[in-house]
1. Just the residues that are without any contact (Cβ under 8 Å) to a residue 40 or more places away in the chain, under 16 Å from G70 (Cα atoms) and in a loop (DSSP other than H, G, I, E, B), please, taken from segment 115-138.
2. Which members of segment 153-179 meet the condition of being among the hydroxyl-bearing types (S, T, Y), without any contact (Cβ under 8 Å) to a residue 40 or more places away in the chain and closer than 30 Å to Q336 by Cα?
3. Under 7 Å by Cβ, and 6 or more places apart or on different chains, what pairs join a residue from segment 231-254 that is under 14 Å from V199 (Cβ atoms) and touching a residue at least 24 places away in the same chain (Cβ under 8 Å) with one that is in a loop (DSSP other than H, G, I, E, B) and among the hydrophobic types (A, V, I, L, M, F, W, C)?
4. Of the conditions (1) within 26 Å of L288 (Cα to Cα); (2) at pLDDT below 95; (3) in contact with a Pro (Cβ under 8 Å, 6 or more places away or on another chain), P25 clears all except one; give me its number.
5. Listed residues M29, M1, M86; which is under 24 Å from E180 (Cα atoms) and among the hydrophobic types (A, V, I, L, M, F, W, C)?
6. Do we find that F224 is under 24 Å from L332 (Cα atoms) and not in a loop (DSSP other than H, G, I, E, B) in this structure?
7. With respect to L74, determine if the residue is surrounded by 15 or more Cβ atoms within 10 Å (Cβ to Cβ) and not in a helix (DSSP H, G or I).
Amino acid sequence: MKLDVFPHILPRPYFDRIMKIASGPASYMQKRVASIPCIYDLDERFRVMERFPEYVQVLTLGSPPVEALGEAALTRDLARLANDSMAELCRRHPDRFLGFAAALPMNDPDASVEETARAVRDLGALGVQIYTNVNGVPLDDPRYAPLFARVAELDRTIWVHPARTAKTADYPGESGSRYELWWAFGWPYETAVFMARLVFAGIFDRHPSLRMLTHHAGGMVPHFAGRIGLGLDQLGARTPDEDLAKVRASLAKRPYDYFRMFYGDTALFGAGHAVACAIEFFGVDHILFGTDMPFDPEKGPQFIRETIADLDALEVSAAERAALYEGNARRLLRIQPR
């Protein structure tokens, strides 16, 4: 079985609701998602999935982040609608969808904790999806500590998706990013910064069993292993004293060791060398098959096809390939065989 842990969907009730929001992030996403029927049209999604034998999915909500769509009263309702809809899809099509990651209204931290518990206990969510920032606020902000604690208590997984937009400039003297560089290079960078900020905040010392699955194989992290290792072993030479004191009080191990506690998916758009690099850094047991479908040029099948080709080309054992395709996901996400 090929168990895709990071495809995206906008269930039709949720899609119809957010397409009526005329301003904010939904406005730029309307153009993007309206041209990809696979993300909201279930029949089209099944036609794509049927091209690949024994291909199944764990559902994750597509961008934009729920918290970017409006005030807390609205985003609370949107998160519930998204989660109820994904749970219903899993109930109706258990042979296609093996579970889902719950969406959260992260601009209301308390409601996010409550929705996590509801989605896991009442709907059977395998965990929750968060983004690398919450409307510009980093996730090591103390207001989000209860969420990490609740997910750890529930023994579920956190999916991590990048969230930078074109409003983040490429250079300080500009008002925004150009040529979609905020996506091409900004997302891998922001994913790495998200991971680093949580590492230095001591997240894994407080919650050593916490499982976080990063989209696109941890962004920049595997490719900069030397800087994360021997580079950050020299932490302090360029660090303000107050930050250094916090780090020394928080961490029991080298930064490098904490970075390797994250998990990554294989959504690297056909770059086989990048998949191999991620496996070398995180280890085979910390990489899961994920594709980012349907955001490819073919609007559905291409990222699946290219990612399968990447995994099939790896010089790994049959047991390791089976773990990458299915076994790691079942273990990490607590998915039982049917």
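The values are calculated or read from the model by the stated rules, or taken from the named source; none is laboratory data. The model shown is predicted, which means the values in this text are computed figures rather than measured ones. Because the Cβ atoms are built from the backbone with ideal geometry, glycine has one as well, and the counts that use them run over all protein chains shown.
1. G136
2. As a first pass, look at segment 153-179 and keep what is among the hydroxyl-bearing types (S, T, Y): 157, 165, 168, 171, 175, 177, 179.
When the remaining residues are screened for being without any contact (Cβ under 8 Å) to a residue 40 or more places away in the chain, the result is 168, 171, 175, 177, 179.
The answer is none; no residue qualifies.
3. V247/L235; S250/A201
4. (1)
5. Values: M1 fails: under 24 Å from E180 (Cα atoms); M86 fails: under 24 Å from E180 (Cα atoms).
One residue alone meets the criteria, M29.
6. Working: under 24 Å from L332 (Cα atoms): no; not in a loop (DSSP other than H, G, I, E, B): yes.
It is false that F224 is under 24 Å from L332 (Cα atoms) and not in a loop (DSSP other than H, G, I, E, B).
7. Values: surrounded by 15 or more Cβ atoms within 10 Å (Cβ to Cβ): yes; not in a helix (DSSP H, G or I): no.
Taking the combined requirement at face value, the residue does not satisfy it.
Every residue, every condition in (1) touching a strand residue (DSSP E or B) at 6+ places or on another chain (Cβ under 8 Å); (2) within 23 Å of I21 (Cβ to Cβ), yes or no:
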{"residue": "E50", "(1), (2)": "no, no"}
{"residue": "L61", "(1), (2)": "yes, yes"}
{"residue": "D77", "(1), (2)": "no, yes"}
{"residue": "L81", "(1), (2)": "no, yes"}
{"residue": "S85", "(1), (2)": "no, yes"}
{"residue": "H93", "(1), (2)": "no, no"}
{"residue": "G124", "(1), (2)": "yes, no"}
{"residue": "G136", "(1), (2)": "no, yes"}
